Amino acid sequence: MALDGIPATTGGWPRRGFLGLGIGAGAAALLGTAACGAGGGSTGDSGGDKTLTVACEGGGKIELQPVADRFTKDTGATVNLVELPYEGLFNRLTSELSSGRPSFDVCAVDAVWIPLFAAKLDKLDDLFTADVKNDLFPALVQEAQSDGRFIGMPVWTNSEILFYRKDLFSDAKEKAAFQRKYGYPLAPPTTWQQFTDIATFFTRPEQKLYGTDVKGAVETEWLAHVLQAGSPGVVLDDSGNVIVDNAQHLAALTFYADLNNKHKVAPAGAAQTDWNAAQNLFNQGQTAMTRFWAHAYRQIPADAKVAGKVGAAPMIGGTAGVAGIPGPWYLSIPQGGGKADLAKQFIKAAYDNNALSIETSLGLAARKSAYQSFAEKPGFESFGPLLATLNASATKPRPASPHWQRIVDSVLVPTIQKALTPGADYAALLKAARTQIEGIVK
């Protein structure tokens, strides 16, 4: 399963690489040739049929099942959750939204698909009251819109936070040694310098222990540091201009790559390290800290070396403070469907009953109040840090560009991997990345 990328195995975020260039090129072209019926919007419910078909990805089915059950109980309507693999859902949406004859009444949409599918989705403006918007994280409200229309209601989201080994951080000998060496108490870091100091302190290759991981095979973590450095956005600004080589991107890449190249606080193979590898390293006790998606806190195996020994804190703060890249999914209504009214009722019910999803095996929501209602309960200690990260003023969504996945796969990840080579010229790499991205978005 891959809820905004959680793989079918142990977890990780985001898994979109297999879509390759399709989102930015062929799929966009296909959607651009919308057949008749796709542009007029739904006109109402057909007949008295109270059956809804909801197209979703595997993780989405897990999250939506209790909501669907409640909706059936409250309305008598039948909700069929049609589960598709991540790439299968993308292909189904691409094909059927372009034809204007969707076989589904509601669809779960990954955040990175919003810019591509926007013109083929019905508006949900009346659902976004002031109270609704106030209970959603600002980045999600921003991302749910396209051309001034709300087209998706967020139903779950995530962000990276900091996980650390409480057994190491609370050890009296470790605390005393750290205080002597650095002159301040050992505690979960809140700045890049503290993070670097602590990672250096706990790097002990002879004990198969490293301070942290560096994930060269994914882009989101570096981009979170870009926002922490104070950039107005990541890679592209709000007008679509390429800013990947600005001072904040350079500062973030320097910090990130230097953890591997200069400070050597990460295990070997950083360029190939992805979410699964980083999660396994931490669970096996080989890293003292990891920046990881908050859902993983409740999924640490009982037999893991760190089980019962993990603390959680907000994402690291740079000059702009704490910041993260949210990983949300949205519920949308296709234009051309015949059950728009019932579909909208279901989406409203998904918002109203958002907290039900927290008690699923994935345990994610979108509303602030849903997370807050569980944050003080045992076993949900990651929710406070997640709330702080998602609520931070510097937290922003990824650019609303139909070319985003192509930029990630062909430019951003290769740039990070090249940067993880000792002696790499970070500024030159970002300058080259700018040229490549300008060629993609022109």
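The values are calculated or read from the model by the stated rules, or taken from the named source; none is laboratory data. Worth saying up front: this structure is predicted, and the values here are computed from it rather than measured. All Cβ positions, glycine included, derive from the backbone under ideal geometry; neighbour counts span all protein chains shown. Protein only, heavy atoms only, side chains kept; ligands, DNA and RNA dropped before computing areas. Shrake-Rupley method; radii C 1.70, N 1.55, O 1.52, S 1.80 Å.
So the values come out like this:
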item	result
Cα-only radius of gyration and Dmax that characterise the chain, units Å	22.0, 76
1.4 Å probe accessible area per residue over the stretch 172-266, in Å²	40
Residue-span extension gain [Lys166 to Ser95] - 0.36 nm each, minus C-alpha spacing	20.7 nm
Unit charges on C-beta of K, R, D, E only; dipole of the chain, Debye	940
Three-way shape call for the stretch 390-442 based on the alpha-carbon gyration tensor, with the a/c threshold at 1.5	oblate
Part-to-part distance (alpha-carbon centres) for the stretch 206-224 and the stretch 226-264, which is given in Å	16
Sites Asn276 and Asp425 - FRET efficiency at Förster radius 35 Å, r taken between beta-carbons, to 0.05	0.70
Folded to 0 to 90 degrees: helix 192-202 orientation relative to the chain principal axis, Cα	60
Angle between the chain longest axis and helix 172-182 axis [Cα atoms, degrees, rounded to 10]	80
Principal axis dimensions, the stretch 84-186 - Cα atoms, whole angstrom, descending	67, 35, 18
Under 12 Å, Cβ to Cβ, from Leu430 - net charge with Lys/Arg +1 and Asp/Glu -1	+1
Extension gain from Gln142 to Asn80, taking 0.36 nm per residue of separation minus the Cα-Cα distance	19.4 nm
Distance histogram in 10 Å bins (all Cα pairs of the stretch 352-424, percent per bin)	16, 29, 25, 24, 6, 0
Of all accessible heavy-atom area on the chain, the percent that carbon and sulfur account for (1.4 Å)	51
Viscosity 0.692 mPa s, 37 °C: Kirkwood-radius Stokes-Einstein D of the stretch 203-292 over Cα pairs, µm²/s	238
Histogram of C-alpha separations across the stretch 308-400, 5 Å bin width, %	3, 11, 17, 19, 18, 14, 9, 5, 3, 1, 0
Nonlocal amide H pairs with Leu121, under 5 Å, H built at 1.01 Å	Gln335
31 Å Cα-Cα threshold exceeded, pairs from Lys120/Lys368; Lys120/Lys418; Lys348/Lys442	Lys120/Lys418; Lys348/Lys442
With DNA, RNA and ligands ignored, accessible area of Thr254 (1.4 Å probe; Å², nearest 10)	40
Tail beyond 18 Å, pair distance distribution of the stretch 318-360 (Cα, percent)	51
FRET E, pair Ser103, Asp131, Förster distance 30 Å, beta-carbon r, rounded to 0.05	0.35
Largest-first principal axis extents of the Cα set of the stretch 139-277 (Å)	57, 31, 30
The stretch 397-442-the stretch 277-314 distance, computed between alpha-carbon centres (Å)	29
For Val67, solvent-accessible area (1.4 Å; no DNA, RNA or ligand), Å²	0
Phi to ³J(HN,Hα) by Karplus 6.51 cos²θ - 1.76 cosθ + 1.60 over the stretch 149-163, Hz, x for Gly, Pro	10, 7, 10, x, 9, x, 10, 7, 8, 8, 7, 5, 10, 9, 9
For the stretch 327-376 versus the stretch 136-186, the gap between their alpha-carbon centres in whole angstrom	23
Label-point gap, in nm, between Asp238 and Gln193 - each point 7 angstrom along Cα→Cβ	3.2
q = 0.14, 0.28 Å⁻¹: log10 I(q)/I(0) that the Debye formula gives for the stretch 283-353, counting C-alpha atoms only	-0.71, -1.27
Structure-based [θ]222 nm, the chain - -39500 (n - 2.57) summed over DSSP H runs of at least 4, per residue, nearest 500	-10500 deg cm²/dmol
Radius 11 Å from Cβ of Gly285, net charge of other residues (Lys, Arg +1; Asp, Glu -1)	+3
Extended-chain gain in nm, criterion 0.36 nm per residue less alpha-carbon gap, Lys262 and Ala307	13.1 nm
